[in-house]
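Enquirer: Before anything else, here's the structure in question.
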Amino acid sequence: MENGKIHKLEIVDKDPRGYILEDDKRNQVLLPFTGVETDYEIGSFAEVFIYKDRVRVVSSKLPKVEVDNFAFMKVTKITSNGAYLDWGLEKDLFVPAEEQMDTLVVGESYVFFVYEDEDSGAIRGSQRIEDFVFFDEIDVEKGQEVEIFPYRKSQLGVNAVVNNLYFGLIFNSDIHKEVKIGSAIKGYVKQVRDDGKIDITLEPMGYKQSIDPIAQKLYNSIKISGDFLPLTDKSDPAEIREHLGISKKAFKRAVGHLYKNKKIKITPEGLILNQTAT
């Protein structure tokens, strides 16, 4: 039974200590009665999490993340040896001091990779994200939609894990909406570099080339404002300049361009992004 994974096992028996669970290869584990809230019947199935800390633990309480995955988790305790994270189980996940990149603060959340220690088999957490992604045999290509998991801001932009496997970077110049650390979103491959790093954009490739820079600026502003911007052709020029830094004439031209390309809807209250086109 794989360490650090959730398993669906059959209840085959029980003894004074707890339930006896069995997989399809007839390997058995004991699920202690302690902490079990469900009264299982013999022959039914239960989802349990099996992992090693100092000893093997079988828990009916499931974690926020399994081994070999990334997650945004809160720090609950810090000691001289390392830190502890809330990963949804009775016992917190340990992060050795050498696996920390930031000065962790209790109560704050950070992105960690959950791994199996090669020597002890214990499940641990690490902030050294780059140690757990691949920089060769990249199986994505330019223009492809991918899932990105932002984990750290840098001077260049935001570092992100791509498809739970690769290193990605969203340059500041390509960030036109809020990107939250620890919150997975969709992105698009801008290019795969020779060093195995992937440049990511938040819009489909080719979109920026289809509109002029001022229309792009207006489009980005609407998106950042929650897909709605309370400006119309009746808005005061000073208000338009305050919001966008452009003249009313340029604003009206940009609105016309976006509307013609079916990127926005115009209402008496303001501009709304056309969701079918984004």
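Enquirer: Only one residue in SER80, SER59 is at pLDDT below 95, over 28 Å from GLY187 (Cα atoms) and surrounded by 18 or more Cβ atoms within 10 Å (Cβ to Cβ). Which one?
Expert: SER59
Enquirer: Can you spot a residue in region 201-214 that is modelled with pLDDT of 95 or more and surrounded by fewer than 18 Cβ atoms within 10 Å (Cβ to Cβ)?
Expert: Looking through region 201-214, none of the residues is modelled with pLDDT of 95 or more and surrounded by fewer than 18 Cβ atoms within 10 Å (Cβ to Cβ).
Enquirer: Identify, by number, the condition in (1) modelled with pLDDT under 90; (2) farther than 22 Å from VAL67 by Cβ; (3) surrounded by 13 or more Cβ atoms within 10 Å (Cβ to Cβ) that MET1 doesn't meet.
Expert: The one condition MET1 does not meet is (2).
Enquirer: So which strands (runs of 3 or more DSSP E) stay within region 126-231 end to end and still have 1 or more residues that are within 26 Å of GLY82 (Cβ to Cβ), not assigned by TED's automatic domain parsing to the domain that holds ASP86 and not aliphatic (A, V, I, L, M)? Don't jump to the end; show me each part of the working.
Expert: On the way: elements: 145-153, 157-162, 166-171, 185-192, 198-201.
Filter on region 126-231 gives 145-153, 157-162, 166-171.
Enquirer: What residue, of VAL111, VAL75, is over 15 Å from GLY4 (Cα atoms), surrounded by 15 or more Cβ atoms within 10 Å (Cβ to Cβ), touching a helix residue (DSSP H, G or I) at 6+ places or on another chain (Cβ under 9 Å) and modelled with pLDDT of 95 or more? Spell out the reasoning first.
Expert: Working: VAL75 fails: touching a helix residue (DSSP H, G or I) at 6+ places or on another chain (Cβ under 9 Å).
One residue alone meets the criteria, VAL111.
Enquirer: If ARG152 satisfies all but one of (1) in contact with a helix residue (DSSP H, G or I) (Cβ under 9 Å, 6 or more places away or on another chain); (2) under 28 Å from TYR259 (Cα atoms), what's the number of the condition it fails?
Expert: Checking ARG152 against (1) in contact with a helix residue (DSSP H, G or I) (Cβ under 9 Å, 6 or more places away or on another chain); (2) under 28 Å from TYR259 (Cα atoms), the one that fails is (2).
Enquirer: Can you find a residue that is β-branched (Val, Ile, Thr), in contact with a strand residue (DSSP E or B) (Cβ under 6 Å, 6 or more places away or on another chain) and closer than 30 Å to MET1 by Cβ anywhere in region 131-142?
Expert: Checking region 131-142: at least one residue is β-branched (Val, Ile, Thr), in contact with a strand residue (DSSP E or B) (Cβ under 6 Å, 6 or more places away or on another chain) and closer than 30 Å to MET1 by Cβ.
Enquirer: Looking at the structure I just gave you, is VAL105 of a type in the set (A, V, I, L, M, F, W, C), in a loop (DSSP other than H, G, I, E, B) and exposed (fewer than 14 other Cβ atoms within 10 Å of the Cβ)?
Expert: When the stated conditions are applied, VAL105 passes them.
Enquirer: Filtering region 144-171 down to residues that are over 17 Å from PHE70 (Cβ atoms) and in contact with a Gly (Cβ under 8 Å, 6 or more places away or on another chain), which residue is surrounded by the most Cβ atoms within 10 Å (Cβ to Cβ)?
Expert: Looking at the filtered set, the residue picked out is PHE171.
Enquirer: When you go through (1) in contact (Cβ under 8 Å) with a residue 60 or more places away in the chain; (2) surrounded by fewer than 19 Cβ atoms within 10 Å (Cβ to Cβ) one by one for ILE123, which number turns out not to apply?
Expert: The failed condition is (2).
Enquirer: OK, next. Here is a list: ILE240, ILE272. Which entry is at pLDDT 85 or above, surrounded by 14 or more Cβ atoms within 10 Å (Cβ to Cβ) and part of a helix (DSSP H, G or I)?
Expert: Just one listed residue meets the conditions, ILE240.
Enquirer: Now for a separate question. Would you check which residues across region 31-56 are exposed (fewer than 15 other Cβ atoms within 10 Å of the Cβ) and either among the hydroxyl-bearing types (Ser, Thr, Tyr) or assigned to a strand (DSSP E or B) (or both) and list them?
Expert: Within region 31-56, PRO32, THR34, THR38, SER44, PHE45, GLU47, ARG56 qualify.
The values are calculated or read from the model by the stated rules, or taken from the named source; none is laboratory data. Keep in mind the model is a prediction, meaning the values are calculated, not measured. Glycine gets a Cβ as well: all are built from the backbone with ideal geometry, and neighbour counts include every protein chain shown.
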